[in-house]
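*Asks:* Below is a structure I'd like to ask you about.
The values are calculated or read from the model by the stated rules, or taken from the named source; none is laboratory data. The model shown is predicted, which means the values in this text are computed figures rather than measured ones. We place every Cβ from the backbone using ideal geometry, glycine too, and count neighbours over all the protein chains shown. Note: accessible area is taken over every heavy atom of the protein model, side chains too, but ligands, DNA and RNA are not part of it. Shrake-Rupley method; radii C 1.70, N 1.55, O 1.52, S 1.80 Å.
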Protein chains: 2
Amino acid sequence: MNQDYIQPDAWSIIEEGFEPGRVKSSESLFSLGNGAMGQRANFEEGYSGPTFQGSYIAGVYYPDKTRVGWWKNGYPEYFAKVLNAPNWIGIKVTINGEILDLNTCKEIRDFKRELNMKEGWYQRSFVALLPNDIEVEVVSTRFLHLDKDELGCINYAVTPLNQSAEVSFTPYLDGGITNEDSNWDDKFWDVSEVASEENQAFIHSRTMKTDFHVCTYMEAQLFQNGRHLQQTPETKTTDRAVRHTYTTTVEEGETATLFKYAGYAVSLNHTPSTLKSAAKSVLREATDIGFDTLLQQQKEAWSKIWEMADITIDGDVKAQQGIRFNIFQLNQTYLGKDARLNIGPKGFTGEKYGGSTYWDTEAYCLPFYMATKNDEVARNLLVYRYNHLEKAIENAEKLGFTNGAALYPMVTMNGEESHNEWEITFEEIHRNAAIAFAIYNYTRYTGDTSYVPEKGLEVLIAIARFWHQRANFSTAKNKYVILGVTGPNEYENNINNNWYTNYCAKWCIEYATEMLEGVEQHHTKDYERITSKANLSKTEVSDWNKVASNLHFPYSEELGVYLQQDGFLDKELVPVSQLDEAQRPINQKWSWDRILRSAYIKQADVLQGFYFFEDHFSEEALQKHFDFYEPLTVHESSLSPCVHSIQAAKLGRMEQAYEFYLRTSRLDLDDYNKEVDEGCHITSMAGTWMSIVEGFAGMRVRDGKLHFSPQIPKKWKEYSFKINFRGTIVTVKVGQEHHCFCVKGKKELEINVNGEAMKLSPNTEVTI
Amino acid sequence: MNQDYIQPDAWSIIEEGFEPGRVKSSESLFSLGNGAMGQRANFEEGYSGPTFQGSYIAGVYYPDKTRVGWWKNGYPEYFAKVLNAPNWIGIKVTINGEILDLNTCKEIRDFKRELNMKEGWYQRSFVALLPNDIEVEVVSTRFLHLDKDELGCINYAVTPLNQSAEVSFTPYLDGGITNEDSNWDDKFWDVSEVASEENQAFIHSRTMKTDFHVCTYMEAQLFQNGRHLQQTPETKTTDRAVRHTYTTTVEEGETATLFKYAGYAVSLNHTPSTLKSAAKSVLREATDIGFDTLLQQQKEAWSKIWEMADITIDGDVKAQQGIRFNIFQLNQTYLGKDARLNIGPKGFTGEKYGGSTYWDTEAYCLPFYMATKNDEVARNLLVYRYNHLEKAIENAEKLGFTNGAALYPMVTMNGEESHNEWEITFEEIHRNAAIAFAIYNYTRYTGDTSYVPEKGLEVLIAIARFWHQRANFSTAKNKYVILGVTGPNEYENNINNNWYTNYCAKWCIEYATEMLEGVEQHHTKDYERITSKANLSKTEVSDWNKVASNLHFPYSEELGVYLQQDGFLDKELVPVSQLDEAQRPINQKWSWDRILRSAYIKQADVLQGFYFFEDHFSEEALQKHFDFYEPLTVHESSLSPCVHSIQAAKLGRMEQAYEFYLRTSRLDLDDYNKEVDEGCHITSMAGTWMSIVEGFAGMRVRDGKLHFSPQIPKKWKEYSFKINFRGTIVTVKVGQEHHCFCVKGKKELEINVNGEAMKLSPNTEVTI
C-alpha cells in the first residue's frame, strides 16, 4: 500500500489535514462526474502550488497529432484526446484585497474534504490564516447535477473569524485552458464569443479540427447570512475569459456565500446557434429551483442509483468504502443515456488513455451495467460499436483486409483507430472478439433476442470475416494459424498463435454462424436484409468454418496445458515469487526486450479465455492452467486481479481470491500504483464489482437462469448486492453461515444455488 | 528506373537543363565532401524555390529529443542528429539591383551542372534573363579541399551578355540555420560572436547540449577580367549573420569574378579560443596560394585516390559512371584520417539516419577501405568501436546485462545508443556480431596480428559475454535459445532463434575463445593485462562455450534449409514474383503487421550468414538456401542487392548477379527508390564495390592469400580494379576471354586464380 490518508467511512471518501503533496492525488479521488461532464477536485479559488486542472465534457475530444519515432505504414494520423474544457468552477476570493490561496496562507487548519458518495456531492472546508492575518473559515460544496446533466452547482461560504473583512468573490469562466497530456503544445480551443449579461456570463468556444461547439456559462448569487444581496457585479472580460466580482463587508463570525450555477451546453445536444439560449434556460431553471432543492434532487437521484447498484459489506469498513467508491465512480462516468458515449479508462478523473474507448468496456464493464441498470443501458454500449461498424471496416481496409471484414479500433473516440504503437494497434486484434463476446453476453444475460437480428448480426459477420482473412494456412502444421499478434498479455508482442486470440477467433466464427442460422430461422426478413447488405453467401460462411474447425492451438502434452503462444516453453519459467522485489514492477525496472522475452505475464491471457468460455473447460483444466499461469503473472495491469480473483474463488481458494480482490478494490484509494494523481482506474472498477458478484457469490447465467455458488471472505460478516435480472430485482445476501435470496415485485424467479434449483417467491426472503 | 536525367559520362556527373522539380535531387547527387565537411549542391546565390539546404561538419551532432508514442523503459533519451551547420557558401548576387534567383528569372538557358569526380570539383553554369531584362552568364566552380580539410573554395563568375551592368556580390556567413530533419523545431546553435575584419568575416557558434564550437569563416576577393580589385566591402552584421558587399560595373561581355574562401574551424581539432586564429591561418594560406593552385592541389589529391580506388569498366559508360560515383562518394564521406569519425548512411548528402554510425560500416564498408586505402584507415574504423567499448557496456547494463557484457548501439554518434524503436534498438542485436566479424575480417585481410592483442580482444570478450547472457536454456528444446530478436531482415520483429543471429552468436563466442588462446600463447603480457582488466576466468570462457556448442538452429529436414527463425514455415510462402506490382514496395503499400506476418524478406538474412561465413557451407548448401530465400526477398533495403549479387556470381549465375549489380550501382543516379532528394545511400555504395570485386572477380582472402575466380557480365568488354593487399598493389583486369594480373613494387605475390596458385613477379602482367 502506498498511501493511507483516506479516512475509513462506509459512505464517504474523507481526507483530513492539508498536505500539498497530496493535492493532485486528491484532485483525482474527489472528482465529480454525471456521465455528461466531469470535474477534478480542483480548488474553486485557485491554487498556486502543484495542481492538475481538469474539466471534461463527455464525447468532446481532439485529434492530437500522433507522436511516433519512425512512421509505420497504416499508423493513424492522430491520437484522440479528451480535452480539458473551459473552466467553469473558478471563484477567485479576496479578503481585504488579499487573495485566498492555500499555497500562500500562513496557517491552514481543520482542512477536510468529503466526497459523499451516497448523495453525490463534494465538500471542502478549512480555516485559513491569510498573509494579512485575517482568519477565515471556508466551506465549499459542489455537485454535478445527475438529471440536469449540463449543470454544476457550487455553494462557496466564507466566514471571517477574527475580524470583520471585505470579502470579494470573483466567479469566472476561462476558455484559455491547456491540456496536461498534449503532444505538441497545440491550442485546442478557439473562443468566438465572451459575453457578460448582468449576473450571467457565457463563453462560446469550439474545438479546432473536430468543431465541437461549447457554451460555458455561469450565473452567481451573493448571499450574506442567508439573505440574497441583489448586486450587479463588476465585470471584466478578455478575449478568452470573463469575471464577475461581488464584494461585501462581513462581520466577524458572519458568513458570505456565493452560489454559482455553471456548466456546459454542447453541440452534441444542441445546434451551435442555440447553445446560449440552452444555457440560459438551464440557468433560469437552476436559479428558480435554488441550490438547496437542486441538492435535494441530487440526493434523490443518487439514492435511486444506489437502490440498484449498492453492495454492502458488513464487518470491513475499508472494503465497504472501496467497493462503493468503485460503484460510485462507474456511475459518475457512464450512465448509459447516450449511445455516442462510452467509458474511458480514467473516466472524468484524468487525461491518460485519452478518455477513449478500449476493449475494457466489453470485457470488463458490460456485466456491471447489465446487472445494475436496465437493459437499455447495456444495449447502448453495444449500439456504440454497431454505429462504428463502418469505420471498423475502413480500419481493416487500411490494413489490407477486404470484403467487409472489420477490425474494431484498439482505442477510439469516434470509431477511428487512434493509437499508434504497431504492436498494439495492428496486432492486439483480440479486441474484435470482445465486441462479439459482448453481444453474446448481453443476449445471454438479458434474454433479449432482438438485438442480434436488428443490429448485432452485422457486427458478427464483419468480425467473422476478419478472423477468416487474418488466419493463414500453414503447410508445415497442416492447420490454420494466426501469426503476428499481441494477446491480452501485452508483455508479449508479435507472437504466433496466441491461444486466447485463436480460441476467440474460432468462437467468433462459430457464434456468427450459429446466429446466422438462428436469424435465418426466426427472423427471415432480417436475415435477408442483413445477408443482402453484407453480400454474404453460404459458401463464404462455410469457408469461415474451414478456418474455425482446423485452427492450431498450441498445447503441451507433457504439462497438459494450452500454451499462451507458440514457443512459450522456450522461455525461462521462473515464478514471480522468485523474482527479487527490487526488480518489480518489471515495467518500471526492466527494459522492454527483457520483459518481452521473459515468461512474465501482465494480465490474464489464457486465463481470460477460461473466464469468457468457462463452460468449455472442466474445473480440473482450469486448476491446471491457473496453477501454471498465475505464478508467472505480475498483474501489472489493473485489469488482471479481478479475473484471477473470480477464478481463484471458483477453485474454492477464497484466501487467494480475497487477496486479489484487495488489490483491485482500493487500487486508487490506497494508490497501489503510485499514479492516482493522473486519475482513477475507472474500467478496472467494474472488475472489482465482478470479483464480488461473479467471484465470491459465483453468479452466472446459464440456460436463462441465475446461478450462484456463494462464498465469503473470512474477514467479512456479510455482504449483499442486488441484480436486475430480466426486469426482476434479486437481492443476494451472503453470510458466514447463511445466505439469503429475495426477489422484489410480482414475478417469481427460479434460481440455482450451489447446483440446486430454487424458486423465489416475490418479496419473500429465502435463507439457506 | 525512376529518373534518367544524368548524362552518361565516364568521369563526370552531368545534368543539362534547368528543372525546378529536380533541384533537391541534384542537390544530393552533386554534393561535395572531404571527410571533414560536406556540402549539398545548393546554389550560392540562393534559391526561393523548393530546396534542401545542407552544410555538414563531420562529428558535429546534436542530441535531439527522442520522439516516441509511448515511452518504453530503456529508450535512449535522444536521437543523435547530424546538424545543418552555418552557411558558408552563400553569395547573394544583384545585377543593377535585381536579385539573381533562378526561381524568378524570365528565362534560363544552357543550365549545366558537372560534378567532376576525377578532379573533385563541382561546376554550375547557366545563362539567365533577369526580370530587369539583363542577361547574364554565370559560371560557379567550387570544391572542398581534400588536404586542407577545413577549407572550401568558390569561384563565382558573372558576365553580363546584353548590356553593361552593375554587378554586386554579397558573400555572407549565416548562423541562423535550421535542420530539415528535427523533431521539435528546437534551436541547435547559439551564436556568440559575429565579426567582420576588412575582407574577412567570422561567426563563432556552439551547438547546444553537445557544446561543439565552430568558427565559420570567409574571405572574398573581387576580380574583373582577371584583375584583382582591391575593394573594401560594405559590411552588414546581424546577431547571427555577416555580409560583405562588393560592387563593380561590368561591360557587356566582360566578367566579374568573386573568389570566396570559407569553411569551418571546429573544436574537435582546436581549442575553442583558438578557432578564429586557426581560421585566419587557413585564410592566409588560401589567399596566398590562390584559387587556381588550390584547385591544382585538389586534382592531384583526387588523382592519388583514384590511382588506388578506381574501377574501370570498358564497354558500358553508365556502369562506369555508376561505379565511379560510388567510389567518389565513399571517399568524400570518409578518408580514415580520424578514428572519431565514421560513415553515416547518407554521408554528407542529407540528414536522414542522423548521420550516425550503423552496422553498415563493419558489414559493408570495411572491405572497400581495406582494399583501397592503407591498413591504418581500416584500423581506424575498428578503433572507433574500441573507443566506444565502455559506452557499449553501459548500454548493455541499461538492458539488464552484467559483468562487462557489451551491446554496441544500433545507431550512434558517440557510442551511446540513439535510436528509439524497441524492435530495432533492443532487439536487432546481431550488430554486435558485425563488430566482432570486422576484427576477424581486418585480421584476415591485412595479416595484422597486432590489433587483437592490443585492442580487439577486449571487444571480443565483451561481445562474447553479451551472447552468453542473452541466450537462455530451453528445457523444452534441451538447447540454448535466443528469444526476442530482430534479424538483418527488419521485416520481422521480436522473433525467436533467428538463424543468422544465433549463428553469429556461436561464432562470436568461438572466435573470442580462439583469440584468447592465441593471445595467451603469443602475447602473454597482453593476455594478462586484458583478462585481468576484464576479470575473466577460464571457467567463464568455458560457460560461454556451453552456450555456443548447444545453441538451437531452426532447420527444416524436409527442405534441407536452415530456417530464418522458429516458425518461418508457418507463413504463406508465396514468391515475390507472384506479388502484384501494384503492391510494391510493400513498405509503402502494406501496413506493418501485414509485412511482419508475410514471408517477404527485406534484405539478406540467412544469406548474410552464408556471405560472412561462406567457408562453413558447401556451394550446394548455398544454392539451396539461395533458391529458397531469394525468391521471397523484396530487396527493399539498399544493402540487399550487393550480397545477392556476390552470391549469384559465386553460383555462376552471372545474369542474375548483373541484375542485382544494376540495382545497386546506379541506385541514386537513377533514383530507383524515389528518395534521392533526401540524400545518397553512401554505405550501400561500398556494397556496389563488393559486387564487382568479391562478386564478379570473386576475390577472397584465404590462408593469407588473395583468391580470384573472375567472371564478367556479357555486356562489358573489360573491367579492372586495384587492390592494396598487405602493402602490395595488385591490378586485376577481367575481360571476356582473358584476365590480367599484375603487382607493382618490388615484392612478388602468390595469388590463386580459379583454384590454381600463381606467382606474380613485380611489374609483370600475367595474362590467363
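*Asks:* At a probe radius of 1.4 Å, figure out the A/B buried accessible area, summed over both chains, and give it in Å² to the nearest 100. Please report the intermediate quantities before stating the final value.
*Replies:* Working: alone 28450 and 28440 Å², together 52880 Å².
Approximately 4000 Å² gets buried when A meets B.
*Asks:* Suppose every Lys and Arg Cβ carries +1 and every Asp and Glu Cβ carries -1, with no other charges. What dipole size does chain A come out with about its Cα centre, to the nearest 20 debye?
*Replies:* On the way: 78 positive and 107 negative charges, 301 e Å.
So the magnitude is around 1440 debye.
*Asks:* Let me ask you something else. For segment B:652-758, what is the relative contact order in percent, using Cα pairs closer than 8 Å and at least 6 residues apart in sequence?
*Replies:* With pairs under 8 Å counted, the relative contact order is 19 percent.
*Asks:* Taking the axis that carries chain B onto chain A, what is the nearest Cβ in chain B, and at how many Å, to the whole number?
*Replies:* It is B:N494, 2, counting Cβ atoms only.
*Asks:* Just want the answer: with Cβ charges of +1 for Lys and Arg and -1 for Asp and Glu, which residue in B:L573, B:P171, B:F610 is farthest toward the dipole's positive end in chain B?
*Replies:* Working it through, the farthest residue towards the positive pole turns out to be B:F610.
*Asks:* For the Cα atoms of chain B, what angle does the longest principal axis make with the long axis of helix B:524-534, in degrees from 0 to 90, nearest 10?
*Replies:* Orientation of helix B:524-534: about 80 degrees from the principal axis.
*Asks:* What FRET efficiency would be calculated for the residue pair A:F473, A:E659, taking the C-beta separation as r and a Förster radius of 41 Å, to the nearest 0.05?
*Replies:* 0.40
*Asks:* Using Cα-only point scatterers and the Debye equation, what is log10 of I(q)/I(0) for segment A:103-224 at each q in 0.12, 0.19, 0.21, 0.23 Å⁻¹, rounded to two decimals?
*Replies:* After summing over all Cα pairs, the log10 values are -0.68, -1.17, -1.21, -1.25.
*Asks:* Just to confirm the filter: which GluC sites (Glu not before Pro) across segment A:513-600 are DSSP coil and have at most 11 other Cβ within 10 angstrom of their Cβ? Display every interim value, and only then the final one.
*Replies:* Details: sites: A:E514, A:E517, A:E520, A:E528, A:E540, A:E557, A:E558, A:E572, A:E581; in loops: A:E557, A:E558, A:E572.
Those satisfying the criteria are A:E557, A:E558.
*Asks:* Taking all pairs of different Cα atoms in chain A, averaging 1/r and flipping that mean, what Kirkwood radius in angstroms comes out? All intermediate terms of the calculation are to be shown ahead of the outcome.
*Replies:* Details: mean 1/r = 0.0362 Å⁻¹.
About 27.6 Å for chain A.
*Asks:* Then there's this: Counting only DSSP beta bridges with both residues in chain B, what percent are antiparallel, rounded to the nearest 5?
*Replies:* Of all bridge pairs located within chain B, approximately 95 percent are antiparallel.
*Asks:* Amide H of B:M218: which non-local residues (sequence gap of 5 or more, or other chain) have their own amide H closer than 5 Å, using H built in the peptide plane?
*Replies:* B:A201
*Asks:* Over all Cα pairs of the protein assembly as shown, how is the pair count split among 20 Å bins, expressed in % and running from 0 up to the last occupied bin?
*Replies:* Histogram of Cα-Cα distances, whole percents per bin: 8, 29, 31, 23, 8, 1.
*Asks:* Okay, moving on. Counting pairwise Cα distances across segment B:409-557, what percent come out greater than 25 angstrom?
*Replies:* Cα-Cα pairs in segment B:409-557 separated by more than 25 Å: 32 percent.
*Asks:* Here's a follow-up. Give the accessible surface of the protein assembly as shown per residue, rounded to a whole number of Å², with probe radius 1.4 Å and ligands, DNA and RNA excluded.
*Replies:* 34 Å²
*Asks:* Using DSSP to call loops (not H, G, I, E or B), can you name the chymotrypsin sites (Phe, Trp or Tyr not before Pro) in segment A:104-209 whose Cβ has at most 14 other Cβ atoms within 10 angstrom?
*Replies:* A:W184
*Asks:* Right, something else. Got a sec to turn the phi values of segment A:662-674 into Karplus ³J(HN,Hα) couplings, 6.51 cos²θ - 1.76 cosθ + 1.60 with θ = phi - 60°, whole Hz, x for Gly and Pro?
*Replies:* 4, 5, 9, 6, 10, 3, 8, 4, 9, 6, 4, 8, 6
*Asks:* Here is a further query. Can you say what percent of the DSSP beta bridges in the protein assembly as shown, counting only those with both residues inside, are antiparallel? Round to 5. Can you show the working numbers first?
*Replies:* Numbers: 266 of 278 bridges.
Percentage antiparallel, nearest 5: 95.
*Asks:* Once you have a ≥ b ≥ c as the square roots of the Cα gyration tensor eigenvalues for segment B:214-318, tell me rounded if a/c is under 1.5, and otherwise prolate or oblate according to whether a/b is larger than b/c.
*Replies:* Oblate is the answer for segment B:214-318, as a/c is 1.5 or above yet b/c matches or exceeds a/b.
*Asks:* Please give the Cα centre distance for segment A:487-534 versus segment B:356-410, rounded to the nearest Å.
*Replies:* 51 Å
*Asks:* Whole-Hz Karplus ³J(HN,Hα) for segment A:10-25, in order, using 6.51 cos²θ - 1.76 cosθ + 1.60 and θ = phi - 60°, x for Gly and Pro?
*Replies:* Karplus values, whole Hz, x for Gly and Pro: 5, 10, 10, 9, 10, 10, 10, x, 9, 10, x, x, 9, 4, 5, 5.
*Asks:* Taking amide H atoms as placed 1.01 Å from N in the peptide plane, list the residues 5 or more away in sequence, or in a different chain, whose amide H sits under 5 Å from that of B:Q224.
*Replies:* Amide H neighbours of B:Q224, under 5 Å, 5+ apart: B:L229, B:T257.
*Asks:* Return the average number of partner chain Cβ atoms within 10 angstrom of each residue Cβ along peptide B:415-425. Kindly include the intermediate steps, with their values, before the conclusion.
*Replies:* Details: counts 0, 0, 0, 0, 2, 3, 5, 9, 7, 2, 4.
Per residue, the number of nearby Cβ atoms from other chains is 3 on average.
*Asks:* When only Cα pairs under 8 Å and 6 or more residues apart are kept, what is the percent relative contact order across chain B?
*Replies:* For chain B, the relative contact order is 12 percent.
*Asks:* Segment B:472-509: which residues show an accessible-area loss of 30 Å² or more, assembly versus chain alone, 1.4 Å probe?
*Replies:* B:N472, B:A476, B:L483, B:N494
*Asks:* Still on this model: Using a 1.4 Å probe on the protein heavy atoms, what percent of the accessible area of segment B:187-227 belongs to carbon and sulfur?
*Replies:* Accessible surface attributable to carbon and sulfur in segment B:187-227 totals 43 percent.
*Asks:* What number, in nm² with one decimal, is the all-direction average of the projected area of the convex hull of the alpha-carbon atoms of segment A:6-127?
*Replies:* Taking the Cα atoms of segment A:6-127, their convex hull projects to 10.8 nm² on average.
*Asks:* Provide a whole-number value for the mean count of partner chain Cβ atoms within 10 Å of the Cβ atoms in peptide A:565-571.
*Replies:* Values: counts 0, 4, 11, 1, 4, 15, 8.
Mean number of neighbouring Cβ atoms from other chains: 6.
*Asks:* For each pair in A:K538/A:K705; A:K571/B:K546; A:K72/B:K346; A:K337/A:K746; B:K455/B:K506; B:K280/B:K352, compute the distance between the two Cα atoms and list the pairs where it is over 25 Å.
*Replies:* Working: A:K538/A:K705 33 Å; A:K571/B:K546 18 Å; A:K72/B:K346 21 Å; A:K337/A:K746 27 Å; B:K455/B:K506 21 Å; B:K280/B:K352 33 Å.
Long pairs (Cα-Cα over 25 Å): A:K538/A:K705; A:K337/A:K746; B:K280/B:K352.
*Asks:* Extending each Cα 7 Å along its Cβ direction at B:T731 and B:D292, get the distance between those two points in nm, one decimal.
*Replies:* Roughly 3.2 nm, to one decimal.
*Asks:* Select from segment A:169-250 those GluC sites (Glu not before Pro) which occupy a DSSP coil region and have at most 12 other Cβ atoms within 10 Å, ordered by residue number.
*Replies:* Sites meeting the loop and neighbour criteria: A:E198.
*Asks:* In whole Hz, with x marking every Gly and Pro, tabulate ³J(HN,Hα) for segment B:27-34 from phi via Karplus 6.51 cos²θ - 1.76 cosθ + 1.60, θ = phi - 60°.
*Replies:* For segment B:27-34, the Karplus-derived couplings read 4, 6, 5, 9, 4, 10, x, 9 Hz, x marking Gly and Pro.
*Asks:* To the nearest 20 debye, what is the magnitude of the charge dipole of segment B:616-689 about its Cα centre, counting +1 on the Cβ of each Lys and Arg and -1 on the Cβ of each Asp and Glu?
*Replies:* The dipole magnitude comes to about 280 debye.
*Asks:* Given +1 on the Cβ of Lys and Arg, -1 on the Cβ of Asp and Glu, and no further charges, what dipole in debye does the protein assembly as shown carry about its Cα centre, rounded to the nearest 20? Intermediate values should be presented prior to the final figure.
*Replies:* On the way: 156 positive and 214 negative charges, 334 e Å.
Here the protein assembly as shown has a charge dipole of around 1600 debye.
*Asks:* Quote the FRET efficiency, to the nearest 0.05, computed for A:M208 versus A:C740 with a Förster distance R0 of 41 Å and r equal to the Cβ-Cβ distance.
*Replies:* 0.15
*Asks:* To one decimal in nm, how far is B:E528 from the same spot in the other copies, if labels go 7 Å from Cα toward Cβ? Please give the shortest first.
*Replies:* So the distances to the same position in the other copies read 9.8 nm.
*Asks:* Here's another thing I want to ask about it. Rounded to the nearest 0.05, what FRET efficiency do B:E376 and B:N132 give with R0 = 45 Å and r taken as the Cβ-Cβ distance? Could you check?
*Replies:* That gives a FRET efficiency of 0.20.
*Asks:* When each copy gets a label point 7 Å from Cα toward the beta-carbon at A:K337, what are the spacings between them in nm, shortest first?
*Replies:* From this label point to the equivalent ones elsewhere in the assembly: 7.6 nm.
*Asks:* Using only DSSP helix segments of four residues or longer, with each worth -39500 (n - 2.57), what per-residue ellipticity at 222 nm results for chain A after dividing by its residue count and rounding to 500? Let's see the in-between values first.
*Replies:* Values: 20 runs with 229 residues, N = 768.
Per the formula, -9000 deg cm²/dmol.
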